Amino acid sequence: MMQEHSTERLVRAAHIAEFSARHRLRWLEALPWVAAIAAYFVFPNYLALGAQILATILFVLSLDLVLGYAGIVTLGHAAFFGVGAYTAGMLAANGWGEPVSGLLVGGVAAAAVGLVSGAIVLRTSGLTLLMQTLVVAAMLYELANKAHRFTGGADGLQGMEMWPIFGTFRFDMFGNTAYFYCLVVLFLCWAAARNVVHSSFGRSLTGIRENVGRMHAIGAPVARRKLLIYTFSAALAGIAGGLIAQTTQFVGLGVLNLERSGMALIMLIIGGVGQLYGAFIGVPLYMIAQDRFAEVDPAYWYFWIGLSLVFIVVFLRGGVFGVVERLFGRGKSP
Amino acid sequence: MTLKGVLFGLVSVAAAGISQASAQTVKIGWINSYSGFLAQAGDQMEKGLNLYIKLHTKDLPPGVKVEFVRRDDTAAPEVGKRVAQELITRERVQLLMGIVASPVAAAVAPLTAEAKVPLVITNAGGVAITRISPYVVRFSFTQWHTALPIGAWSVKQGWKRGFSAVADFIPGHDAEGAFVKGFTDAGGQMLGTVRFPPATADYAPFVQRIKDAKPDVAFVWVPAGPAATAILKAIKDLGVREAGINVVSTHDLLPDEELPNIGAFGAGILTAGNYSTMGVRPANQAFLKAWDEEYKGKAIPNFTSVAAWDAASAVFDLIKKTNGKFTGDEAMKYFATVKLDSPRGPIAIDPATRDIIQDIYIRRSEMKDGKLINTDIDTMKAVKDPWKELNPPK
């Protein structure tokens with residue numbers, strides 16, 4: 001009896017210790033960054049693809065914040081990606097090619113759109129919310145399509161001219177500059193996102209996801225917190241869009257379409273939702289597979305992508321993260 | 001794998017790269033729309049290229065090989081730009097070739113200037129693309145080649161009040177501009193214009209706009225392929241032609257491979273184009289014979305297939321002449337001298353603009369032996385791109 005009691009106490013103490021140490025950096029968390037730097041030296045011919053992967057990781061990471069942490073199911077996240085991309089793109093096409101400020105303005109513009117649209121769509125939940133996020137993205141898509149004079153419409157935004165970063169690092173065709181630029185921006189944004197999810201604010205988001213009624217009952221400002229994370233996520237998505245625009249020096253309507261929102265969702269699900277690192281696994285897996293398939297079979301590569309997705313849905317429940325956790329027998333962390 | 005194994009692998013890959021280079025393999029990046037809304041045009045282009053490669057690889061100098069590295073641009077400019085960049089930096093191709101969609105070509109063109117890698121366009125007809133980079137050469141056509149004369153021809157038929165409906169992207173805008181110029185210069189009067197999304201499936205609202213405007217003649221432009229059949233169906237369903245409105249277009253509205261799908265309704269439409277399978281020329285007869293032997297009646301070539309065929313012919317000539325060793329500048333110098341006897345008639349590259357000089361045919365579609373065909377009713381010889389003459393470089 002006594003013994004049982006003390007074991008219980010020990011277990012609880014261990015849980016508390018684990019809980020209070022959760023925000024500390026673990027060695028494993030250095031892995032993506034080491035891998036990214038190693039990739040630079042191992043695959044010098046693939047840096048353009050690498051830069052796109054890094055920017056897309058940021059986009060999917062931003063989606064993870066709203067979907068994985070706050071439980072806001074959205075199919076319109078491309079809206080913010082696209083606003084960031086077009087903002088950074090139009091600045092560069094109209095004589096302001098400074099990358100860092102362009103990126104920040106893109107992020108702010110996306111955050112503004114996130115704040116305004118979030119204030120409306122976040123009043124709803126479930127399927128209604130899903131549809132409203134879809135509609136916001138669709139409206140922006142049509143806007144970009146119709147504003148041919150400013151955006152180039154279906155032809156894409158032509159004539160972007162990027163200045164060197166800090167006046168020194170020119171964007172080269174091989175993607176050296178683009179790769180490190182994306183890596184540094186991703187690192188800074190990841191650090192910010194990590195801080196947010198481990199703050200008490202971030203914890204309350206998990207609470208909202210798991211049991212919104214209870215969060216209301218304990219007096220948490222649910223609506224305000226949802227709007228805040230939605231806006232923060234929109235800003236990160238906008239920065240990701242800006243990165244893609246600046247490094248490819250082109251913006252097409254594809255940055256705003258449903259396919260992009262859907263792909264982000266798929267990549268996040270492949271990696272694992274609500275783990276902060278799902279994006280770091282899902283995006284490279286998906287984009288490298290896509291690159292390989294398109295190279296091996298340029299005519300029917302979409303078929304192979306589809307087939308692999310079916311495979312993943314059937315056999316990889318919970319994404320790569322879920323499988324790894326099941327293999328090592330760890331319980332699902334909240 | 002051990003470190004030793006990895007190193008060995010890397011060394012053998014590097015060695016393979018070196019030995020390949022010494023065997024003189026010409027790497028050509030082929031950018032096509034295998035998926036997306038222009039996939040059918042992409043398929044036409046692919047078949048034209050493949051046929052030429054199959055028949056003429058044996059003509060290459062001994063020891064010289066041609067390798068086509070093929071990529072899908074999905075008809076989206078951002079994807080096209082990415083694959084072009086990969087072909088240049090990763091595959092180190094000596095030439096880029098292909099491209100169906102004008103927005104893709106416009107996005108790729110600046111890269112060719114930076115990398116000094118020539119781009120040989122086999123379809124994209126956006127008129128200004130060759131101005132973006134000195135490393136772009138075009139074997140297809142511009143919208144001004146075809147849409148400008150059809151404007152003038154419409155007025156000649158006594159149709160004085162016009163309306164234009166085009167797909168809302170580069171070639172559509174070009175076609176509209178060219179038709180309006182040709183039409184109004186000849187004394188016609190435009191009642192209005194409408195533009196619809198390039199990948200739309202529902203043309204009824206736009207076709208209704210044509211009907212409501214009650215013009216004598218409606219100029220309609222869609223990208224060649226299934227869109228042609230779809231918009232003609234809307235024109236039929238809404239009774240546009242029955243209301244006394246004449247329909248005119250470029251060859252994109254009546255591409256040869258869509259004629260069986262369009263059928264009798266497509267008869268009596270005036271179009272301008274650079275190629276029809278009905279053309280009676282020895283080069284065309286030979287081309288059609290080779291085509292039918294290869295595709296056994298399962299495919300019909302169109303102007304896009306012919307442009308890919310001609311471009312492949314010029315590229316093979318370049319390789320023969322240089323034994324596959326050429327810089328981007330040498331290739332461009334060679335292309336400026338190209339003169340070919342094409343299935344579409346004599347063609348040449350204009351050294352001043354790097355755009356094609358070709359005969360343009362005015363055709364009237366008609367039913368013959370139960371089949372819809374395009375019959376040439378007039379030929380304009382050796383037409384240079386009119387837009388470049390109207391808009392000299394600054």
Checking B:R363, B:R82, B:R90 against a Gaussian network model of chain B (alpha-carbon springs below 10 Å), the top fluctuating residue turns out to be B:R90
Rounded to whole angstrom, the alpha-carbon centroid of the range A:276-313 lies from that of the range A:172-210 at a distance of 23
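Restricting to DSSP H runs of at least four residues, report the calculated mean residue ellipticity at 222 nm for the protein assembly as shown, -39500 (n - 2.57) per run over all residues, nearest 500 deg cm²/dmol.
One gets -18000 deg cm²/dmol as the mean residue ellipticity at 222 nm.
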Per the Kirkwood formula over distinct C-alpha pairs, the hydrodynamic radius of chain B in angstrom is 21.7
Lys and Arg at +1, Asp and Glu at -1: neighbours of B:Q94 with Cβ under 13 Å from its Cβ sum to +1
Carbon and sulfur atoms account, in whole percent of the 1.4 Å probe accessible area of the protein assembly as shown, for 64
Between B:K321 and B:A286, the FRET efficiency computed from the C-beta separation at R0 = 22 Å comes out, to the nearest 0.05, as 0.45
Inter-chain shielding metric for B:72-79, i.e. average beta-carbon neighbours from other chains within 10 angstrom, reads 6
Output field shielding_mean for B:102-112 (other chain Cβ, 10 Å radius) holds 4
Projected area averaged over all directions for the convex hull of the alpha carbon atoms of the range A:84-210, nm², comes out at 10.0
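Provide the per residue accessible area, probe 1.4 Å, for the range A:26-327, rounded to a whole number of square angstrom. Walk me through the numbers on the way to the answer.
On the way: 13390 Å² over 302 residues.
For the range A:26-327, the per-residue accessible area is 44 Å².
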The equivalent-ellipsoid semi-axes of the protein assembly as shown, taken as the square roots of five times the Cα gyration tensor eigenvalues and listed largest first in whole Å, are 51, 32, 22
Under the 7 Å Cα-to-Cβ spin-label approximation, A:A299 and A:H198 lie apart by a distance in nanometres of 5.2
Taking only Cα atoms of chain A, the Rg to Rh ratio with Kirkwood Rh works out at 1.00
Residues from the range A:162-179 losing no less than 40 square angstrom of accessible surface in the full protein assembly compared with the chain alone, 1.4 angstrom probe, ligands and nucleic acids excluded, are A:M173, A:F174
Taking 0.36 nm per residue of separation between B:K371 and B:N391 and subtracting their Cα-Cα distance, the length gained on full extension comes to 3.1 nm
Buried accessible area between B and A, both sides, 1.4 Å probe, in Å² rounded to 100, is 2400
Extend 7 Å from the Cα of A:E259 along its Cα-to-C-beta direction; within the range A:30-68, residues with backbone N under 16 Å of that point are none
With +1 on the Cβ of every Lys and Arg and -1 on the Cβ of every Asp and Glu, the dipole magnitude of the protein assembly as shown about its Cα centre, in debye rounded to the nearest 20, is 1220
About its Cα centre, the range B:157-244 carries a charge dipole, from +1 on Lys and Arg Cβ atoms and -1 on Asp and Glu Cβ atoms, whose size in debye to the nearest 20 is 200
Out of A:R203, A:R22, A:R214, a Gaussian network model of chain A with alpha-carbon springs under 10 Å gives the largest mean-square fluctuation to A:R22
Averaged over the residues of B:80-86, the number of partner chain Cβ atoms within 10 Å of each residue's own Cβ comes to 5
With a Förster distance of 25 angstrom and the Cβ-Cβ distance between A:K146 and B:D378, calculated FRET efficiency to the nearest 0.05 equals 0.05
Listed residues A:L188, A:L122, A:L75; largest mean-square fluctuation, Gaussian network over chain A with Cα springs below 10 Å, found at A:L188
Taking a crude spin-label model, label points 7 Å out from Cα along the C-beta direction, the A:A21 to B:K333 distance in nm is 7.2
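The values are calculated or read from the model by the stated rules, or taken from the named source; none is laboratory data. Small disclaimer: the values here were computed from a predicted structure and weren't measured. Every residue, glycine as well, gets a Cβ built from its backbone with ideal geometry; the counts of neighbours run over all protein chains shown. All accessible areas refer to the heavy atoms of the entire protein, side chains included, with ligands and DNA or RNA removed. Shrake-Rupley method; radii C 1.70, N 1.55, O 1.52, S 1.80 Å.
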